[in-house]
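I have placed the structure first, in the form of structure tokens, so that the comments after it can refer back to it.
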Amino acid sequence: MYLKVKVPATTANLGPGFDVLGAALSLYNEFEVEYVPNAQKTNFILKGEGKKTLPKNNKNLVWQSMCETFKILNETRYNLKNLNITINASIPLNRGLGSSAATIVGGIILANALSKNKLNTSQIANLAIKIEGHPDNVIPAIYGGVCICCKDKYKDHETVVQLPIPKLKVVLCVPTFEVKTKQSRQILPKYVNLGDAIFNISRVTLLTAAFYRADYSLLSHAMQDKIHQPYRGKMIPVMNEVLNAAIVAGAYGAYLSGSGPTLAALCDKKNIKKVSKAMTKRWEKENISTRTYIADFNRNGVLKI
């Protein structure tokens, strides 16, 4: 038996929507598994991002996610001796683009497929959230598009609402340094004041309206944030200056992608080069090298191929 899945990168928060908003992008990791009943040892093949650093054993996150799925399904046929696993990763690691979420989703989908697809989409999503710890990356990786994630107080599942997908390009300016998600979350305050909460509520509401009305002129205002970006910005040199450079160059809105350090900007196709150049140039003044990706919004989420 041979299976292959393709999981999109994700960009979370979109400014003010901390742990609530996320979007899937046209940048992908591919995961393959082959069942070899009489094999004596797993053949772990890593390609692309992380090929020299990710583990090729039971510490690999795709395998751990598969194990969690097998456990729920009481599936005992599969182990590290009879499965060949290949990961071909294009999503940069530890850059705020959902590489771990993609790996978790890929592992769950593969394990579920090996187990005759006993889990439905909602169950897959809930398991992914349990492993990841928060929904705003795994949900769009599964469903695609731009997603609102809301935990239902009275039910054991996440309510997911998909927003209209903006007809815009996403410029991703990815610096060479990493920011670990765990460290980036630890720097956040446990409590926020009422004024900051109101500020973010107003921006999330405005951001939602901007997507529904396709009024992208609202985005520069709607993507402002006071709950996580000011704190995470302490770990990212000249973050605000780079975001402002994107706006000045013609982007509708710009924000910190996930926990960072990637900075993202939404713009028309005609402004891609100007926005990308402005963001890169501002970081170059700090002697920080970057990679730039131009992405579309992914509409479908994870795919079996």
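The values are calculated or read from the model by the stated rules, or taken from the named source; none is laboratory data. On a predicted model such as this, the values are computed, not experimentally measured, just so you know. Here the Cβ is made from the backbone with ideal geometry for all residues, glycine too, and neighbour counts use every protein chain on show.
Filter segment 182-195 down to the residues that are among the charged types (D, E, K, R) and within 16 Å of Ile227 (Cβ to Cβ), then identify the one that is surrounded by the fewest Cβ atoms within 10 Å (Cβ to Cβ).
Taking the candidates together, the pick is Lys190.
Out of (1) buried (at least 22 other Cβ atoms within 10 Å of the Cβ); (2) outside the structural domain of Ala265 (by TED's automatic domain parsing), what's the single condition that is false for Lys151?
The one condition Lys151 does not meet is (1).
Being within 20 Å of the chain's Cα centre (by Cα), closer than 16 Å to His134 by Cα and of a type in the set (Ser, Thr, Tyr), is that true of even one residue in segment 28-43?
For segment 28-43, residues within 20 Å of the chain's Cα centre (by Cα), closer than 16 Å to His134 by Cα and of a type in the set (Ser, Thr, Tyr): absent.
Which one of these is within 23 Å of Asn137 (Cβ to Cβ) and either in contact with a His (Cβ under 6 Å, 6 or more places away or on another chain) or in a strand (DSSP E or B) (or both): Ala251, Ala210, Ala265, Ala246? Steps first, please.
Values: Ala251 fails: either in contact with a His (Cβ under 6 Å, 6 or more places away or on another chain) or in a strand (DSSP E or B) (or both); Ala210 fails: either in contact with a His (Cβ under 6 Å, 6 or more places away or on another chain) or in a strand (DSSP E or B) (or both); Ala246 fails: either in contact with a His (Cβ under 6 Å, 6 or more places away or on another chain) or in a strand (DSSP E or B) (or both).
Selected residue: Ala265, the only one of Ala251, Ala210, Ala265, Ala246 that is within 23 Å of Asn137 (Cβ to Cβ) and either in contact with a His (Cβ under 6 Å, 6 or more places away or on another chain) or in a strand (DSSP E or B) (or both).
Filter segment 71-100 down to the residues that are of a type in the set (Ser, Thr, Tyr) and more than 15 Å from Tyr2 (Cβ to Cβ), then identify the one that is surrounded by the most Cβ atoms within 10 Å (Cβ to Cβ).
Ranking the qualifying residues of segment 71-100, first place goes to Ser99.
If you scan segment 249-305, which residues turn out to be farther than 13 Å from Pro237 by Cα and of a type in the set (D, E, K, R)?
Matches in segment 249-305: Asp268, Lys269, Lys270, Lys273, Lys274, Lys277, Lys281, Arg291, Asp296, Arg299, Lys304.
Output the number of the condition that Gly258 fails; it satisfies all remaining conditions of (1) under 19 Å from Asp296 (Cα atoms); (2) in a helix (DSSP H, G or I).
Going through the list (1) under 19 Å from Asp296 (Cα atoms); (2) in a helix (DSSP H, G or I), Gly258 breaks only (2).
Could you pull out every one of the strands (runs of 3 or more DSSP E) wholly within segment 1-60 that has 3 or more residues that are surrounded by 19 or more Cβ atoms within 10 Å (Cβ to Cβ)?
So the answer is 2-12, 21-35.
Within segment 274-304, how many residues turn out to be among the polar types (S, T, N, Q), out of contact with any helix residue (DSSP H, G or I) (no Cβ under 8 Å at 6 or more places or on another chain) and in a strand (DSSP E or B)?
Counting residues in segment 274-304 that are among the polar types (S, T, N, Q), out of contact with any helix residue (DSSP H, G or I) (no Cβ under 8 Å at 6 or more places or on another chain) and in a strand (DSSP E or B) gives 0.
Which of the numbered conditions does Tyr216 fail, given that it passes all the others? Conditions: (1) more than 19 Å from the chain's Cα centre (by Cα); (2) at pLDDT below 95.
Of the numbered conditions (1) more than 19 Å from the chain's Cα centre (by Cα); (2) at pLDDT below 95, the odd one out for Tyr216 is (2).
Assigned to a helix (DSSP H, G or I), within 19 Å of the chain's Cα centre (by Cα), of a type in the set (S, T, N, Q) and surrounded by 19 or more Cβ atoms within 10 Å (Cβ to Cβ): is that true of Thr103 in this structure?
Considered against the rule, which asks whether it is assigned to a helix (DSSP H, G or I), within 19 Å of the chain's Cα centre (by Cα), of a type in the set (S, T, N, Q) and surrounded by 19 or more Cβ atoms within 10 Å (Cβ to Cβ), Thr103 comes out as yes.
May I ask you to list the residues in segment 261-296 that are surrounded by fewer than 14 Cβ atoms within 10 Å (Cβ to Cβ) and hydroxyl-bearing (Ser, Thr, Tyr)?
Ser289
Which condition does Asn126 not pass, out of (1) more than 24 Å from Phe211 (Cβ to Cβ); (2) part of a helix (DSSP H, G or I); (3) in contact (Cβ under 8 Å) with a residue 60 or more places away in the chain, if it passes all the others?
Here Asn126 meets the rest and fails (3).
Take Lys52 and decide whether it is closer than 29 Å to Leu172 by Cβ and either at pLDDT 90 or above or in the same structural domain as Leu110 (by TED's automatic domain parsing) (or both).
yes
This table checks each residue for (1) of a type in the set (Gly, Ala, Ser); (2) assigned by TED's automatic domain parsing to the domain that holds Pro230; (3) part of a helix (DSSP H, G or I).
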site: Asn88; (1), (2), (3): no, no, no
site: Leu97; (1), (2), (3): no, no, no
site: Asn112; (1), (2), (3): no, no, yes
site: Lys116; (1), (2), (3): no, no, no
site: Thr159; (1), (2), (3): no, no, no
site: Phe177; (1), (2), (3): no, yes, no
site: Asp196; (1), (2), (3): no, yes, yes
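Could you list, in sequence order, the residues of segment 129-141 that are buried (at least 24 other Cβ atoms within 10 Å of the Cβ) and in a helix (DSSP H, G or I)?
Once the filter is applied, which keeps residues that are buried (at least 24 other Cβ atoms within 10 Å of the Cβ) and in a helix (DSSP H, G or I), segment 129-141 yields Val138, Ile139, Pro140, Ala141.
What is the residue count in segment 196-250 for residues that are of a type in the set (Gly, Ala, Ser), touching an Asp or Glu at 6+ places or on another chain (Cβ under 9 Å) and either touching a residue at least 24 places away in the same chain (Cβ under 8 Å) or surrounded by 19 or more Cβ atoms within 10 Å (Cβ to Cβ) (or both)?
Of the residues in segment 196-250, 1 are of a type in the set (Gly, Ala, Ser), touching an Asp or Glu at 6+ places or on another chain (Cβ under 9 Å) and either touching a residue at least 24 places away in the same chain (Cβ under 8 Å) or surrounded by 19 or more Cβ atoms within 10 Å (Cβ to Cβ) (or both).
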